[in-house]
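Please treat every number below as a calculation from the coordinates, not as lab data. The model shown is predicted, which means the values in this text are computed figures rather than measured ones. Positions of Cβ are generated from backbone atoms using ideal geometry, with glycine treated the same way; all protein chains shown enter the neighbour counts.
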Amino acid sequence: MNPLCQLLEAALFAASRPIPAEELVTLDPDAGFDDIRAALDELREHYDFGNHGVELVEIAGGYQILSRPAFAAAIERAQLSLRPPRLTPAMMETLAVIAYRQPVGRAEIEEIRGVSASGVLRSLQERGLIEVTGRSEGLGRPLLYGTTPLFLELLGLQDLQNLPRTEELAIALQPPTPEAVGPDDAEAYVPADR
Amino acid sequence: MTAPLTTTPGLGPVILSPGPPIDPARSGGGFVVELESFSGPLDLLLHLLREEQIEIADIPIARIADQFLSAIHELGLNQAADYLEMASRLVRLKAQMLLPRNADAEQWEDPRAELVRRLLEYQQIREISHWMAGAAERRSLRLARGYLPPAPEVPPPPLVLDLQDLLAAVERVISAMLHPVLHRVVARPLDVEGATRTLTELLAEREEFPWTAALPARPTISDVLSVLLALLELARRGSCALLQPAAFGPLLIRRESTLPAT
């Protein structure tokens, strides 16, 4: 490993959060972005090909040294580290709405999920996964919510672009096709309804 | 829509009313909602549709409305506003579907369209949230370095000022005042050090003496106060003892120990 690579390894080891490349550049006044990127590649390969227990991961817009998934169970069994507590399905659904619709107000979240959202929003805010990003121009100027970098960290995403695109999902969010709900079809079901 | 329906499936009963948990047996199952697997009315509706293998776009409203009602009754959900709202929506749709309409009416709008749109939208959100839960699960298998508590709040470093800066700051404050009122501060003419010296000399000479001995011939208030403060200080240091043999009698000063070299 070259000295720059060693420096990056030391810095990422010492840091307790993902560090963006812009911050890593400040470590060495002589190194540019390309040097940093090359050194990060070298570090990643060093971990990968040297069969290390840790790997270099790009996450939440930064770089972080994380242990490999294979060792999670053993580490947890020995109680050396704690996994973050799982989110409830209600929290996940609310996060999903916010992630895709941000900035989004409470009313829209409730409309989509069909349940009141204030409690879930509060606990998501307390966990630092969402934040108030502004106020809507609408009636009462309701608060608008957006996701935080911690949300990306929680899911192990680099940025919001890593979320599945809606057209890749099984159910595309489209208005129902006219044939499917046309009067003829509906007519056929009227007797069944009775 | 104001009921605090915190849907936490898998976490057991959710109390919908503030205050202590209500025994369902006594309250008739009023406020305790078992949300074992549903995170809302749309979720329940989707579940019913899946069970019946019904296309979302073609919902037999009457049947589903009845099933929904009986389901929320069975689940004891009939107190939850969110579920009730959906139930009323379904009943209304059911009525709308039963209304006669002209067979040739091209403009007929399916009253179910809005529900279908919401269901599809919700189903997509469900799918995304499943994907996200999977991503979070995969992420949680990679452990970062141990959690570091945030650094404790350090007190601010002591101010480093020089006299010039301080005086300049005072000037600025004074010049900003509309009607500056400046007071002359006169040092009090107390001479505690002199009184201490006198007392120390007296103590060196005599074992015991009245405290008036330390006063000059015609003492001023300042002289008395100076001697008093000096006496208290000397007594505190243990150089002398203050005695008052009789009530309201004169104060006596007695040498307590060998005086310190100073």
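The Cα trace of chain A gives Rg and Dmax of 23.2, 80 Å, the first to one decimal, the second as a whole number. Summarising the label geometry, the points placed 7 Å from Cα in the beta-carbon direction at B:D66 and B:E52 lie 0.9 nm from one another. Using Cβ point charges alone (K and R +1, D and E -1), the dipole size of chain A about the Cα centre works out to roughly 1000 debye. Per-residue mean of foreign Cβ neighbours for B:202-214 is 0 (Cβ atoms of other chains, 10 Å radius).
Label positions at A:E111 and B:H130, each projected 7 Å from the Cα along the C-beta direction, are separated by 2.6 nm. The length gained by stretching the chain between B:A241 and B:R197 to full extension, at 0.36 nm per residue less their Cα-Cα distance, is 14.2 nm. Evaluating 6.51 cos²θ - 1.76 cosθ + 1.60 at θ = phi - 60° for every residue in segment A:144-160, the Karplus couplings come out as 10, 10, x, 7, 10, x, 4, 4, 4, 5, 4, 8, x, 9, 7, 8, 5 Hz, glycine and proline recorded as x. With neighbours defined as other Cβ atoms within 10 Å of a residue's Cβ, the residues A:F71, A:F49 order from fewest to most as A:F49, A:F71. Distances between placed amide hydrogens fall under 5 Å for A:R135 paired with A:L144, all partners being 5 or more residues away or on another chain. In order along segment B:82-88, the Karplus-derived 3J(HN,Hα) couplings, from 6.51 cos²θ - 1.76 cosθ + 1.60 at θ = phi - 60°, round to 5, 6, 5, 4, 4, 4, 5 Hz, and Gly and Pro are given as x. Using a 7 Å offset from Cα along Cα-Cβ at B:V186, what residues in segment B:215-232 end up with backbone N under 11 Å from the label point? Residues passing the 11 Å test: none. For the pair A:A10 and B:L178, a Förster radius of 60 Å applied to the C-beta separation gives a FRET efficiency near 0.50, rounded to the nearest 0.05. Separation of segment A:9-30 from segment B:168-226 is 62 Å, based on Cα centroids.
The calculated FRET efficiency for A:R165 paired with A:E126, based on their beta-carbon distance and R0 = 30 Å, is about 0.50. For A:Q158 and B:D165, what is the calculated FRET efficiency with R₀ set at 41 Å and r taken between the beta-carbons, to the nearest 0.05? The pair A:Q158/B:D165 has a calculated efficiency of 0.25.
Within a 10 angstrom radius of each residue's Cβ in A:79-88, how many Cβ atoms of other chains show up on average? Whole number is fine.
4
Counting Cβ atoms of other protein chains within 10 Å of each residue's Cβ and taking the mean over peptide A:48-59 gives 1.
What does the highest-first list of B:116-126, B:135-145 look like by mean Cβ count within 10 Å? Working shown, then result.
Values: B:116-126: 20.0, B:135-145: 17.7.
In decreasing order of mean packing, B:116-126, B:135-145 become B:116-126, B:135-145.
Sequence-ordered 3J(HN,Hα) estimates for segment B:160-177 from the Karplus curve with 6.51, -1.76 and 1.60 and θ = phi - 60° stand at 10, 10, 10, 4, 4, 4, 4, 5, 4, 5, 4, 4, 4, 5, 5, 5, 7, 7 Hz, glycine and proline given as x.
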